[in-house]
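The values are calculated or read from the model by the stated rules, or taken from the named source; none is laboratory data. The structure presented is a predicted model; accordingly, all values stated were derived computationally and were not measured. Don't worry about glycine lacking a Cβ; one is built from the backbone with ideal geometry, like all the others, and counts go over all protein chains shown. Surface areas here come from the heavy atoms of the whole protein model, side chains and all, with no ligands, DNA or RNA. Shrake-Rupley method; radii C 1.70, N 1.55, O 1.52, S 1.80 Å.
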Amino acid sequence: QVQVVESGGGLVQAGGSLRLSCAASGSIFSIYTMGWYRQAPGKQRELVATISSGGRTNYLDSVKGRFTISRDGAKNTVYLQMDSLKPEDTAVYYCNVVLTYSSSYWGQGTQVTVSS
């Protein structure tokens, strides 16, 4: 069993910053990718950023240059530094962990609200 726990969400004014953290624990042999997704009310869940075990990153176009994903492999932890936040970034942010040759696991989500 694998547990995925996010933290760091909250309320911030437009232009501000937040840092999300996600820690995976449990029966983990090897992590393939870790990433962040978000879901706004009435919208589908979308990929925000991912990072592979080799450090390759992928970003949603609308967050490029504003968000930075990083990873601490020793701690099975992934971070999302969010700068220059906009009201349209408001959503529940979910952490996703994909194990090598195994399953995908999701966290419970953390709310990010950006006020204008």
For the range 77-105, pairs from a residue that is surrounded by 21 or more Cβ atoms within 10 Å (Cβ to Cβ) to a residue that is modelled with pLDDT under 95 and not in a strand (DSSP E or B), with Cβ under 7 Å and 6 or more apart or across chains, are Y93/G9
Being more than 26 Å from T100 (Cβ to Cβ) and without any contact (Cβ under 8 Å) to a residue 12 or more places away in the chain is the filter here, so list the residues in the range 50-64 that pass it.
D61, K64
Tally up the residues in the range 22-45 that are in contact with a Leu (Cβ under 8 Å, 6 or more places away or on another chain), open to solvent by less than 80 Å² (accessible area, probe 1.4 Å) and either of a type in the set (S, T, N, Q) or not in a strand (DSSP E or B) (or both), please.
2
Leading residue by the ranking (nearest to Q81 (Cα to Cα)) among those in the range 40-49 that are touching a Phe, Trp or Tyr at 6+ places or on another chain (Cβ under 9 Å) and touching a residue at least 40 places away in the same chain (Cβ under 8 Å)
V48
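Are any residues in the range 4-30 more than 15 Å from the chain's Cα centre (by Cα) and of a type outside the set (F, W, Y), and if so, which ones?
Restricting attention to the range 4-30, the residues satisfying the condition of being more than 15 Å from the chain's Cα centre (by Cα) are 11-16, 25-30.
Scanning the range 4-30 gives L11, V12, Q13, A14, G15, G16, S25, G26, S27, I28, S30.
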Restricting attention to the range 52-63, does a residue exist that is buried (at least 18 other Cβ atoms within 10 Å of the Cβ) and within 24 Å of Q1 (Cα to Cα)?
no
